[in-house]
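In what follows, a single structure is set out as structure tokens and then discussed.
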Amino acid sequence: MSVTVHGYLGSPSADLREHAARADVVVGGRRHLDALAVPEDRRIVLGSLSSAMVALRALPADTDVLVVASGDPGFYGVVRRLRGEGFRPRVVPTVSSVAMAFAAVGLPWDDAQVASAHGHPLEPTLYACRTWPKVAVLTAPDQGIRELAAAVPDRVFVLAERLGEVDERVRILTREQALALPDVTEPNVVLVLADHPDADSMTGESPALVGMTSKEPR
């Protein structure tokens, strides 16, 4: 079986459209499959990853499978799960949502910590946000900016919603503003910063190891 994982953020590339048109089976979220106009008889809609893996294993050995994944599929993405299930996919990445979020506020992020609240307990993410001056959080609907703001004082929050889409929105918020938000659109990434992104202190220094900083965490 040939399995290709293709990253998708915003508009699909010409290569992705071409592969989606010729693949035997296309796996992805419903909005991605709809955008690629994949017929019902050639699509597997991602809900539960476990059920998608069962469906993939049931396909004939000569099937050409395309998996469409948000952002960089090798970064907190589906590539790890596919390899764990015995597949060895070809991976075509695109820019990650974390990179897009930092770019939206003009910040380098090689000195940032990245935490995932999606499918994980929130406490490790909260620890990172309280400790480090520059943290990107991959959120979940019930573990998002309001929950972060409620537990993390003295920080500035950047809410980057629907990155790459026509209705993309990026907001820089105080803790009080984050707590009072009446509307939050999914999917989103939250940057938790020790200061406003325009502050000189947020430029940081180029680290020898990604995610490290020469300054003491606080």
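Bear in mind that the values in this text are calculations on the coordinates, not laboratory data. All of these numbers come straight from a predicted model, not from anything done at the bench. Neighbour counts run over all protein chains shown; Cβ positions are idealised from the backbone, glycine included.
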Notebook entry, point to check: What is the P(r) of region 1-49, as percent of Cα-Cα pairs per 5 Å bin from 0?
Noted result: 5, 21, 36, 27, 10, 1
Next item on the list: Taking the Cα centre of region 1-133 as origin, sum charge times position over the Cβ atoms of Lys and Arg (+1) and Asp and Glu (-1), and report the length of that vector in debye to the nearest 20.
Entry: 200 debye
Checklist line | Cα pair count fraction exceeding 21 Å, expressed as % - region 26-144 | finding: 49 percent
Checklist line | Alpha-carbon Rg with Dmax, taken over region 2-94, Å | finding: 11.8, 32
Checklist line | Cα point-scatterer Debye curve for region 98-202, base-10 log of I(q)/I(0) at q = 0.10 Å⁻¹ | finding: -0.22
Next item on the list: Report, as a whole number in µm² per second, the diffusion coefficient that Stokes-Einstein gives for the chain at 4 °C and 1.567 mPa s using the Kirkwood radius over alpha carbon pairs.
Entry: 70 µm²/s
Checklist line | Ratio Rg/Rh [Cα only; Rh per Kirkwood] for region 133-173 | finding: 0.97
Margin query: Using the alpha carbons of region 147-196, what is the convex hull volume per residue in cubic angstrom, as a whole number?
Written below: 70 Å³
